[in-house]
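Step one of this worksheet: look at the structure below.
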Amino acid sequence: MVQNAKNTYYSLEWFQDMKKEYDAASPDRCLGMTFDKAARLISEDGLPMTTEDVKRFDENNDGSINFEEYLTMRFEYDNRRQDKRGRFLE
């Protein structure tokens, strides 16, 4: 089976960790996470990402990253990594 994001399993713990990480980085829930902060979080985890890279995930064009957009970034990030955070389904 080809190993890609479509057959990756993410645990409830993983989603909870991502929510904690997001909440810590964006204390004002109304404003969301800044592009700069999102780029830094992904880059700190090993995959270089610029503010310009992050902007393409702003699906609602509000100038910030909401939690759903952040998860989309993380899913793409995991797909590009060799040592996946998710666990592949056999």
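Some observations on this one:
- Against the conditions (1) under 12 Å from the mean Cα position of the chain (by Cα); (2) at pLDDT 75 or above, Pro48 satisfies every one except (1).
- Long-range neighbours under 6 Å by Cβ, at least six apart or interchain, first residue closer than 17 Å to Leu71 by Cβ and in contact (Cβ under 8 Å) with a residue 12 or more places away in the chain within the stretch 35-50, second among the aromatic types (Phe, Trp, Tyr) and surrounded by 14 or more Cβ atoms within 10 Å (Cβ to Cβ): Ile42/Tyr77; Leu47/Tyr77
- Failed condition for Gly32, given (1) crowded, with 16+ Cβ neighbours inside 10 Å; (2) under 13 Å from the mean Cα position of the chain (by Cα): (2)
Results for (1) among the aromatic types (Phe, Trp, Tyr); (2) modelled with pLDDT of 85 or more, shown as yes or no for each residue.
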| residue | (1), (2) |
| --- | --- |
| Tyr10 | yes, no |
| Phe15 | yes, yes |
| Tyr22 | yes, yes |
| Ala38 | no, yes |
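- Any hit, the stretch 52-62, residues being surrounded by 16 or more Cβ atoms within 10 Å (Cβ to Cβ), modelled with pLDDT under 80, under 10 Å from the mean Cα position of the chain (by Cα) and not hydroxyl-bearing (Ser, Thr, Tyr): no
The values are calculated or read from the model by the stated rules, or taken from the named source; none is laboratory data. Quantities reported herein were computed from a predicted structural model and do not represent experimental measurements. Cβ: placed from backbone, ideal geometry, glycine included. Neighbour counts: every protein chain shown.
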